[in-house]
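For reference, the structure discussed in these notes is given below.
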Amino acid sequence: MMESLQDLEQFFASRRTLGIKPGLERLDYLLEKVNHPQKSIPTIHIAGTNGKGSTLTYLKEVLMEGGYTVGTFQSPGLPTILDHMAINNRTITAQEFIDILHPLLPIIEEMDQQNLAPSEYEILMIITLLFLQDNIDIAVIEAAMGGREDITNRVEPLVTIITSIGFDHTSFLGNTLKDIAAHKAGIIKGKVPIISGDLVDEALQVVKEEARKQSAPLYLYGKEFWTEEIDRNHFHWNNGSKYYVMNLSMKGRHQIMNASLAIQALNLLQDNGFNIDDIAVKRGLSQAKLPNRMEIIKEHPKIIADGAHNVQSVNKLVETIQEERIEGRVKVLFSAFRDKEITVMLKELAKLTDEIIVTTFNHPRVLSEEELPDHIIYIENARQALNKLLATSNPNDLILITGSLHFVEYAKKLVQK
């Protein structure tokens, strides 16, 4: 009998040992057993290498400003497993989670015995759908990994969005942009509008072809809708018939595209009977914030947390930091999963500083000293690594904590203690 968050964490830790399994047959089995809750949930479905979380946040904030009750699913769930799912920014409680999970346990046990053992994320998806069903006006669902075989890909969306396509999860999604794009494009559904961010041609052709096969109207950033930057996060948005002047709180030029995808989706939602006025759009976008994205967690010295967990997101982070007015030195505390392009990520971060310390955290996929270039400073204990940077910092310096979102969340707690 599960009674606490600790019990839940232990249960899902045991499911995690099953690993990531391709295919949706186990999810389909579970959905059949719970009468397909996804069929009654109006949904926006988002896939992409980077930008999913920000785009989801923009959509959620605007829809809430418009008076709608919004359910969300995000991955990873941090700081706890409960943080995968929320309604209007209220994370599911441990008791609500347990109440939904308990009736599922006999089904899970039955599947285990049939060699259909459902994974951690397959169970999480079912719990999310049951939590949201009958309690929301619309859901914004972020793909966990890829798209075509992702645990989110049984939702029945009003709109789909592909934010970006780059190299990540290559051991599961493939080693070419064409392969990765084929997974992301798997969220495109028959006649459902698809909105795409700025993609390199190799990936764009895959998305275009899938949209053609599915008879899905395609809206491309820079073509069917576009932006004109005024000053960093202040921009004009236009689609030929609608025009906005926007200000964003989230930093980085890449946020302009993420917000633009959200605006286009909101315009398409109006064709489905949603009433979202211009004030809600402007207010929602301007107040949207996301933890672990250029998040200031301390001043003097300033400490910023940013979960730049792959090469593409590190590139954007470096560009954003280079635009900041920093009087002192930049220092970096970094850790990530070993299956990432660690050497390339560190080389990119070296554009900011030569003061980089790599550390570790508690996760089975975390990198070790053996996976690092020889010249990189490695301190295994993250608290000692952070203290070393703090001891040599002046009040006007900037310490950047970055890498895996799991690491950033962990390191934030060290700063805040």
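What pairs from 251/417; 52/412; 178/213; 251/388; 251/413; 184/340 go past 24 Å between their alpha carbons? 251/417; 251/388, as the Cα separations exceed 24 Å there. At a Förster distance of 56 Å, what's the computed FRET efficiency of residue 90 paired with residue 391, Cβ-Cβ distance as r, to 0.05? Once the sixth-power term is evaluated, E becomes 0.90.
Within the accessible area of the chain, the carbon and sulfur atoms contribute 47%, probe 1.4 Å, all protein chains present. Straightening the chain between residue 229 and residue 277 buys 15.0 nm, computed as 0.36 nm per residue apart minus the Cα-Cα spacing. Between residue 18 and residue 1, the contour length at 0.36 nm per residue exceeds the alpha carbon distance by 4.0 nm. Pairs of Cα atoms nearer than 8 Å and 6+ residues apart set the relative contact order; for the chain it is 15 percent. What is the Cα centroid distance between the stretch 93-135 and the stretch 193-238, reported in whole angstrom? So the separation of the two Cα centres works out to 36 Å.
In terms of distances greater than 32 angstrom between alpha carbons, the cross-link table entries 33/289; 242/347; 21/208 yield 33/289; 242/347.
Magnitude of the charge dipole for the stretch 1-115, about its Cα centre and with charges confined to Cβ atoms of Lys, Arg (+1) and Asp, Glu (-1), is about 420 debye. The orientation-averaged projection of the convex hull spanning the C-alpha atoms of the stretch 360-417 amounts to 4.6 square nanometres.
On the principal axes of its alpha carbon atoms, the stretch 224-322 extends 47, 24, 22 Å, with the longest extent given first. Peptide packing for 110-123, 69-82 was compared via the average number of neighbouring C-beta atoms within 10 Å per residue; ordered from the highest value, the list is 69-82, 110-123. Potential lengthening of the chain between residue 374 and residue 236 amounts to 45.0 nm, from the contour at 0.36 nm per residue minus the alpha-carbon distance. Most simply put, the chain has about 35% antiparallel DSSP beta bridges, counting only bridges with both residues inside it. Listed values for the stretch 42-47 are Karplus-derived 3J(HN,Hα) couplings in whole Hz (6.51 cos²θ - 1.76 cosθ + 1.60, θ = phi - 60°), namely x, 9, 9, 10, 10, 10, and x replaces Gly and Pro. Say the dipole of the chain comes from +1 at the beta carbon of Lys and Arg and -1 at that of Asp and Glu; which of 346, 335, 23 then lies farthest toward its positive end? Checking the options against the dipole of the chain, the answer is 346.
Relative to one another, the C-alpha centroids of the stretch 261-309 and the stretch 1-57 are positioned 24 Å apart. Averaged over residues, the count of other Cβ atoms within 10 Å places the peptides 160-166, 86-92 in the sequence 160-166, 86-92, highest first. In this structure the amide hydrogen of residue 331, modeled in the peptide plane, comes within under 5 Å of the amide hydrogens of 398, 399, 400, none closer than 5 places in sequence on its chain. Springs between Cα atoms under 10 Å define the GNM used for the chain, and in it the highest mean-square fluctuation of 360, 152, 392 occurs at 392.
The values are calculated or read from the model by the stated rules, or taken from the named source; none is laboratory data. Because the structure is predicted, anything quoted here is derived from the model rather than measured. Heads up, the Cβs are rebuilt from the backbone with ideal geometry, glycines too, and the neighbour counts pull from every protein chain shown. The protein model used for the area step is the full one, side chains on, heavy atoms only, and it has no ligands, DNA or RNA in it. Shrake-Rupley method; radii C 1.70, N 1.55, O 1.52, S 1.80 Å.
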